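The next block holds one structure in the form of structure tokens; read it before the comments.
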Amino acid sequence: MTAKAHSDIRRKLKVLNYAKEIGNITKACRYFGISRETYYKWKRAYDQHGQEALINKKPCPENPKLRTPIRIEKLILHLRKTYHLGQLRIKWYLKRYHDIEISEGAVYYVLKRNGMNLLPKNQRKRSIKPFKRYEKKVPGHRIQIDVKFLNFTTKEGKKIRRYQYTAIDDATRARALKIYSKHTQANAIDFVNYILKRFPFRIHTVQTDNGHEFQVKFHWYCEDLGIRHVYIKPASPHLNGKVERSHSTDKQEFYQLIEYTDDIDIRKKLQEWETFYNCHRPHSALKGKTPYEVLMERLS
């Protein structure tokens, strides 16, 4: 008999003997934190078959016919490890690129069975106030721009900071990304020129916070180009919510998966990530479509 079996017998006999000793089954059950039904189940088993009937039985074996096929399971785990996608986005990805129909729940159970149902640094620490989602209908009508601060450590152990300038189209969620070594108005102006080349539509308005990089020179540069520049209310980052949320995606699905080697390498990888985000990654706010699919629909 195993140590686990001996433990089961000792624990249940302790309950049965205590109830017999005090002469009150209800108090005994309350003391050990079990129900009266459980007590009587154990007592009947003991009276009929002795101590061996108190050993916990093994759970029913898993039905292999109902389990997700190994080939699909490997694809799910690959998408999780490589891109840190959630179960809904994995479901969309498998349907889109592999023509595999699978439920969101089945994806979750595969991840849970393999200990991958939680992503690192991806758990909410506080409740989030409900908000009303708004969306422009025309590509380029409003572009949200913000800067993400990046902290890297070189191979020599030196800590460096870089700045990811991000622009996201309100209507389609299409993004343009570029990394700079300085956080200045000159780089913000350069980034405007960059997004004018990257986005295949006219930009009507850019929206930013009140950071020093978006002050007078930047403001009038945009206005001179015929682009309206507006500021969000101070201390209200939720008003730039789409670009702020996209930065969380960058952290979870991109920066957690790479190591810094040099600026040339990180810029190349960021361009690959920008292409993947715009053209291949299913977007939950777009009901599983990619930003460029929505862009083509809006421009047609």
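Below are the figures for this structure:
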read-out: The range 1-53: relative contact order as a whole-number percent, Cα under 8 Å and 6+ apart; value: 28
read-out: Segment L119-K251, extension gain: residue separation times 0.36 nm, minus the distance between their alpha carbons; value: 46.4 nm
read-out: Dipole of the chain, positive direction: furthest Cα of N114, F32, T166, with charges on the beta-carbon; value: F32
read-out: Relative contact order of the chain, defined on C-alpha pairs under 8 angstrom at six or more residues apart (%); value: 14
read-out: Packing-based exposure ordering (other Cβ within 10 Å, fewest first) of D190, D99, D250; value: D99, D190, D250
read-out: Point-charge dipole on Cβ atoms (K/R +1, D/E -1) for the chain, about Cα centre, debye to 20; value: 1340
read-out: Leading residue at positive end of dipole, the chain (Cβ point charges), from F276, Y83, A3; value: A3
read-out: Theoretical ellipticity at 222 nm over the chain - DSSP helices of four or more residues, -39500 (n - 2.57) apiece, nearest 500; value: -14500 deg cm²/dmol
read-out: Average Cα contact separation per residue, the range 136-234, under 8 Å, 6 or more apart, as relative contact order %; value: 27
read-out: Estimated Rh, the range 190-300: Kirkwood, alpha-carbon pairs, angstrom; value: 16.2
read-out: 16 Å Cα-Cα reach of K12 towards aspartates and glutamates, excluding residues that sit fewer than 8 places from it in its own chain; value: E21, E37, D47, E52
read-out: Gain upon complete extension [K137, R161; 0.36 nm per residue less C-alpha separation]; value: 5.0 nm
read-out: Cα-based helix-to-principal-axis angle, 3-22 vs the chain, degrees rounded to 10; value: 60
read-out: Taking K178, K251, K159 and counting other C-beta atoms within 10 Å, the order from fewest to most; value: K159, K251, K178
read-out: Given charges at Cβ of Lys, Arg, Asp, Glu: the chain dipole, positive-most of I227, Y93, H141; value: Y93
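Every number here is computed from the coordinates shown, using simple stated rules; none is lab data. Quick caveat, the model's predicted, so the values are computed rather than measured. Because the Cβ atoms are built from the backbone with ideal geometry, glycine has one as well, and the counts that use them run over all protein chains shown.
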